[in-house]
Amino acid sequence: MTRGDADSSRARVGPVAPVLELHGVRAGYGQIEVLHGVDLSVAAGEVLALFGPNGAGKTTTLGVCSGQIRPSAGSVRLMGTMVNGARPHALARAGVCLIPEGRGIFPNLTVRENLRMATYSGVAYARVEERAFEQFPRLAERRTQLAGTLSGGEQQMLAISRGLATDPALLLLDELSMGLAPMIVAELYERVGEMAAAGLSILIVEQFAQSVLGVADRAAVMLGGRVQQVGEPESIAAALGGAYLDGH
Ligand SMILES: Nc1ncnc2c1ncn2[C@@H]1O[C@H](COP(=O)(O)OP(=O)(O)O)[C@@H](O)[C@H]1O
Ligand SMILES: [Mg+2]
């Protein structure tokens, strides 16, 4: 259903391949198949929100996109190139950055030390810190604090800063809003909107979060291991109705 809208989406002008394209992807854990043929695409510069209830397969989908889970069928393309079975570090090098559920920061290291982890990719530390503190001034005030003692929102800021340090082409965000106050979520999504405006392609996974609607170009609904619906964020939100609105 996304094939026909080449003229209506600003990000789809011209012959540029989608940054990410999943077609008929099947994947799971051991003998248990969780994704039963997932079709999904993120165009260059696009923000796609992927909604769905707990257990729908959203995190598994991001696992496939970031190389942690190998699909058993279908294709995963990154900027037009098949990357089925590519390892996580190879995909990271190719520009894929996953901010996992639970943020993936090191609680027993300071803010600074966490940021320093991003320099393995060869980027200069001063540059990493400059960008992080410019984007999230609150991190600057807490640079020597242990990451585990930051608030949930600050931990998310740190995780995003660390991810962006490697200059990714595609950002995968898993339940950014989980456990955070609505005001913090709104602030984080404001920053996400700025990243998108700067040209980053973003796939956002949430059960549902009102504040995503303002930054998403399109939204999709995943249920039972398949993408059931793709469309304008507002129409998808309306279609979801009261099914699992979180009140944010
Ligand atoms: N490591 C795992 N081993 C076995 N089953 C898993 C694992 N992770 C997730 N699952 C199962 O896969 C299904 C989809 O999970 P997940 O992708 O995490 O959904 P979501 O992120 O939408 O909540 C669920 O039924 C879940 O129990
Ligand atoms: Mg999940």
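The values are calculated or read from the model by the stated rules, or taken from the named source; none is laboratory data. Remember, it's a predicted structure, so these values are computed and weren't measured experimentally. So basically every Cβ, Gly included, is an ideal-geometry build from the backbone, and we count neighbours across all protein chains shown. Side chains are part of the model used for accessible areas, which takes the heavy atoms of the whole protein and leaves out ligands, DNA and RNA. Shrake-Rupley method; radii C 1.70, N 1.55, O 1.52, S 1.80 Å.
A few comments on the model shown:
- The GNM of the chain, with springs linking C-alpha atoms under 10 angstrom apart, assigns the highest mean-square fluctuation among Tyr189, Tyr125, Tyr29 to Tyr29.
- Just the protein heavy atoms count here, and of the accessible area of the chain at 1.4 Å, carbon and sulfur take up 53 percent.
- Solvent exposure of the stretch 116-240 as accessible area per residue, Å², 1.4 Å probe: 41 Å²
- Principal axis dimensions, the stretch 68-178 - Cα atoms, whole angstrom, descending: 46, 30, 21
- Dipole magnitude for the chain: computed about the Cα centre from +1 point charges on Lys and Arg Cβ and -1 point charges on Asp and Glu Cβ, it is near 760 debye.
- Where both bridge residues fall in the chain, DSSP classifies roughly 55% of the beta bridges as antiparallel.
- Choice from Ala238, Ala94, Ala220 showing the highest fluctuation, given a GNM over the chain with Cα pairs closer than 10 Å: Ala238
- Evaluated with a Cβ-only charge set (Lys, Arg +1; Asp, Glu -1), the stretch 180-237 carries a dipole of roughly 220 debye about its Cα centre, given to the nearest 20.
- Helical content alone sets the calculated 222 nm signal of the chain at -8500 deg cm²/dmol, taking -39,500 (n - 2.57) per DSSP H segment of four or more residues and averaging over every residue.
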